[in-house]
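Written below as structure tokens is the structure these notes are about.
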Amino acid sequence: MNPTPDEAALKALATDIRTEAERLGFSQIAISDVDLGAAEAGLQRWLDAGFHGEMGYMARHGSIRARPAELVPGTLRVITARMDYLPAHSSSTSATEPLTASPPEPPTADWRDAEWARIADPQAAVVSVYARGRDYHKVLRSRLQKLAGFIASRTDPGVVRVFTDSAPVLEVALAARGGMGWRGKHTLLLNREAGSMFFLGELFIGLPLPVDAPQQEHCGSCSRCIDICPTRAIVAPYTLDARRCIAYLTIELAGSIPEDMRPLMGNRVYGCDDCQLVCPWNKYAQTSPLPDFAPRHALDSSGLLQLWAWSETDFLQRTEGSAMRRIGFERFRRNLAVALGNARRSLPAGQVSQQVIETALRAGLTAATPLVAEHIRWALTQSPGTTGSDLSGSLHQAQEHGQ
């Protein structure tokens, strides 16, 4: 067993950890202490308001989420690792461009334009960017375990444990405390050099490594994420009512989607990126050097009817190793039924696509579970040609915000 290193050795080790993390494909490392007292109070207020919806696990773990040293006894530091996930074919602005202390002006054309165009197409199936490739849990965990092994080869870490969105960890608070960025008004971590299009993973470690200084927040008076949200889920700056969030409705919610939420979901069938797409800081979103996050099975370009045609076998085969697998075939069909109903309402009356969609929905009733059948019947009641909450709403809002 190696002796505990002194202060100089700990500083050198922290530098070596950053170098090894970069070699493993991580974009940035932040080191924080374990004091999350301020975040604990905010978490309790959020839970008391019921904003976690049916995510009972959020309440079950309670305050331990804000107490890393109780979650893993012996923890002295938390190493947060950032991994960018924007696919390599996306265009982004170099982070070497001059940065300002306030949000940069959004670009006139970049990778986000293609995303807005798909959201505005009633027949497109929109899957959140992060979920189109390999399951990020697998990618992060394997590399974090290698990083943990590297640390153990250099010294006795006392305790070391890997987390990848799989335990009660307040990862945004930890990352912010370690200087990786600040909590945006949409509640995601924002980074001046990388926006928010990245995953976070953590190493809890029993070494008193030197910590990184927190950053100031740079959202200023900007409220674009709040204004753009289709369901008004961001009920106040830095406060998300998950029960209204499309990511929650399409992924976390197991049962029936509330009827008043369905028209607002548009064609988003797995997650939602609107608050990130409109954020000026995502001008600097960085592409990933890893092939793992490249879109699979045309999930960046498929239409609703293409995915509706998948059998359960198709779904299981094509979501193998994907984050989408977790929702199962029934929820997948439920989400598609809602999106097809919204497409019916958004398309002009008499268009051939209207009849094709209706025929596909009626055919889907034959073997539908009660949950899916309920959403199909709702979709069939959506009147063609009405405006209401049409799918172009988000694009129009984005244009109004200077996107």
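The values are calculated or read from the model by the stated rules, or taken from the named source; none is laboratory data. Keep in mind it's a predicted model, so treat the numbers as computed, not measured. In this analysis, Cβ positions are derived from the backbone assuming ideal geometry, glycine residues included, and neighbour counts consider all displayed protein chains.
Scan region 232-276 for residues that are crowded, with 22+ Cβ neighbours inside 10 Å, without any contact (Cβ under 8 Å) to a residue 60 or more places away in the chain and either out of contact with any strand residue (DSSP E or B) (no Cβ under 8 Å at 6 or more places or on another chain) or within 22 Å of Arg377 (Cβ to Cβ) (or both) and the total you get is 3.
The rows are residues; the columns are (1) under 17 Å from the mean Cα position of the chain (by Cα); (2) in contact (Cβ under 8 Å) with a residue 12 or more places away in the chain.
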residue: Val129; (1), (2): yes, yes
residue: Lys138; (1), (2): yes, yes
residue: Ala152; (1), (2): no, no
residue: Val159; (1), (2): no, yes
residue: Ala173; (1), (2): yes, yes
residue: Trp182; (1), (2): yes, yes
residue: Thr187; (1), (2): yes, yes
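Can you tell me which residue in region 62-85 is modelled with the lowest pLDDT, limited to those that are surrounded by fewer than 16 Cβ atoms within 10 Å (Cβ to Cβ) and out of contact with any helix residue (DSSP H, G or I) (no Cβ under 6 Å at 6 or more places or on another chain)? Here the answer is Gly62. Residues that are farther than 15 Å from Val139 by Cβ and surrounded by 13 or more Cβ atoms within 10 Å (Cβ to Cβ) within region 310-323 comprise Trp310, Glu312, Asp314, Phe315, Leu316, Arg318, Thr319, listed in sequence order. Answer yes or no as to whether Arg232 is assigned to a loop (DSSP other than H, G, I, E, B) and of a type in the set (Lys, Arg). Answer is yes for this residue. Would you confirm, using the coordinates I've provided, whether Ile151 is modelled with pLDDT of 95 or more, of a type outside the set (Lys, Arg) and touching a Pro at 6+ places or on another chain (Cβ under 6 Å)? The answer is yes for Ile151. The single condition among (1) closer than 11 Å to Phe204 by Cβ; (2) assigned to a strand (DSSP E or B); (3) in contact with a Phe, Trp or Tyr (Cβ under 6 Å, 6 or more places away or on another chain) that Ile79 does not meet is (3). Among the conditions (1) of a type outside the set (Lys, Arg); (2) farther than 30 Å from Thr155 by Cβ; (3) out of contact with any Pro (no Cβ under 6 Å at 6 or more places or on another chain); (4) surrounded by fewer than 24 Cβ atoms within 10 Å (Cβ to Cβ), the only one that Pro280 does not satisfy is (3).
Does Ala339 satisfy the condition of being in contact with a strand residue (DSSP E or B) (Cβ under 6 Å, 6 or more places away or on another chain), at pLDDT 95 or above and under 16 Å from Val269 (Cα atoms)? Yes, satisfied. Inspection of region 86-107 finds a residue satisfying the criterion of being at pLDDT 90 or above and either closer than 29 Å to Ala14 by Cα or surrounded by 14 or more Cβ atoms within 10 Å (Cβ to Cβ) (or both). Taking the condition at pLDDT below 95, surrounded by 23 or more Cβ atoms within 10 Å (Cβ to Cβ) and of a type in the set (Phe, Trp, Tyr), does Phe163 pass? Yes; evaluated as a whole, the condition is true for this residue. All told, Arg118 meets the bar of being part of a helix (DSSP H, G or I) and modelled with pLDDT of 95 or more. Picking from residues in region 342-360 that are of a type in the set (Ser, Thr, Tyr) and under 16 Å from Trp378 (Cα atoms), the one that is modelled with the lowest pLDDT is Ser346. For region 12-54, a tally of residues being exposed (fewer than 13 other Cβ atoms within 10 Å of the Cβ) and either modelled with pLDDT under 90 or in contact with a Pro (Cβ under 6 Å, 6 or more places away or on another chain) (or both) returns 3. Exactly one residue among Ser196, Ser256 is under 14 Å from the mean Cα position of the chain (by Cα) and over 21 Å from Pro122 (Cα atoms), and that residue is Ser196. Checked against the criteria, Thr164 counts as of a type in the set (Ser, Thr, Tyr), touching a Lys or Arg at 6+ places or on another chain (Cβ under 6 Å) and more than 23 Å from Arg333 (Cα to Cα).
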